[in-house]
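Here the structure comes first, spelled out in structure tokens, and everything after it is commentary.
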Amino acid sequence: MFRQVGIVLLFSAASVGASAQVVQNTTARPSAAQAQTPAQAAQARPVDGGQSASNNSTMAELQQLIQNRTLNELRTTYNGNYGASLLFKADDLTYYVAMFQQKNFWRVVKTTSESQAEQTYKAFVEQTVQLADVDIRRIKLDAERAVTEKQISANETRLNALQNDLSMQRQQEQQVAARQEQARQEAAALANERQAAREQLNTLQRQIRVLEEQQTKLDGSSGVTSQDVRRGR
């Protein structure tokens, strides 16, 4: 048994506009989170001359039938913000094929021929594919742009970190080089001081040896004199 058009009609203007998902031909019951369909929108608002067709038109007739809940939905396809529906009026075996953008009917065909209704529906579906291509491409490009911007931001952060690391590395290298230069200068000064100390030590040692030699000579000459004195006695 076909289900009636109304709150159970497949459509979610919010999800279609946001995600541009393509819903294949289906008669499954939608989830509770889905929003109004064109049929629901038609039930919610009266037909006026500003946004809808005149009362003497197939579109106005379809909207009235939807408001009266006298139609069954056979098929519905969504492509981006566009969609097509095949509706059936059981009491007189009449088919209505509608193409819509978001909540607004765009084209409506009325026929009692099932084959014509199916062909028209397929043609409308193909048109929605073509019409939605730009929107779907825009959504994808916008997503790619957002991802690229995130990558740019991440790369900029990485670049700044590398620049900071390089700057700190160079500062450390300069500090190490300065410390090494200072250490070399201190080592050279210590080497000079050590050489001077050694020279001073050698000088002192020579002086000590000279004095020791002189002391030895004095001690030797003093011993000879003492012997001569003893012999003289």
### Message
Can you confirm whether Asp219 is free of Cβ contacts under 8 Å to residues at least 40 places away in the same chain, surrounded by fewer than 10 Cβ atoms within 10 Å (Cβ to Cβ) and out of contact with any helix residue (DSSP H, G or I) (no Cβ under 9 Å at 6 or more places or on another chain)?
### Response
yes
## Note on the structure
Among residues of region 76-130 being in contact (Cβ under 8 Å) with a residue 60 or more places away in the chain and under 17 Å from Ser57 (Cα atoms), the residue farthest from the chain's Cα centre (by Cα) is Leu87
### Task
Residue by residue through region 131-153, note down the ones that are touching a residue at least 40 places away in the same chain (Cβ under 8 Å) and of a type in the set (A, V, I, L, M).
Leu131, Ala132, Ile136, Ile139
### Query
What tally of residues in region 135-149 results from selecting those that are modelled with pLDDT of 90 or more and in contact with a helix residue (DSSP H, G or I) (Cβ under 9 Å, 6 or more places away or on another chain)?
0
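Among Glu126, Glu118, which is part of a helix (DSSP H, G or I), touching a Leu at 6+ places or on another chain (Cβ under 8 Å) and either modelled with pLDDT of 95 or more or surrounded by 11 or more Cβ atoms within 10 Å (Cβ to Cβ) (or both)?
On the way: Glu126 fails: touching a Leu at 6+ places or on another chain (Cβ under 8 Å).
Result of the check over Glu126, Glu118: Glu118.
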### Message
So, in region 84-99, exactly how many residues are farther than 13 Å from Gln130 by Cβ and in a strand (DSSP E or B)?
### Response
10
### Query
If we keep just the residues of region 58-83 that are among the β-branched types (Val, Ile, Thr) and not in a strand (DSSP E or B), which is farthest from Val134 (Cα to Cα)?
Thr70
### Message
Take the conditions modelled with pLDDT under 90 and over 17 Å from Asn72 (Cα atoms) and apply them to Ile152. Does it pass?
### Response
no
### Task
Please find, within region 37-70, the residue that is nearest to Thr111 (Cα to Cα) out of those that are modelled with pLDDT of 90 or more and buried (at least 24 other Cβ atoms within 10 Å of the Cβ).
Leu62
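The values are calculated or read from the model by the stated rules, or taken from the named source; none is laboratory data. Just so we're clear, the structure is a prediction, and the values are computed from it rather than from any experiment. Cβ atoms come from the backbone with ideal geometry, glycine included; neighbour counts cover every protein chain shown.
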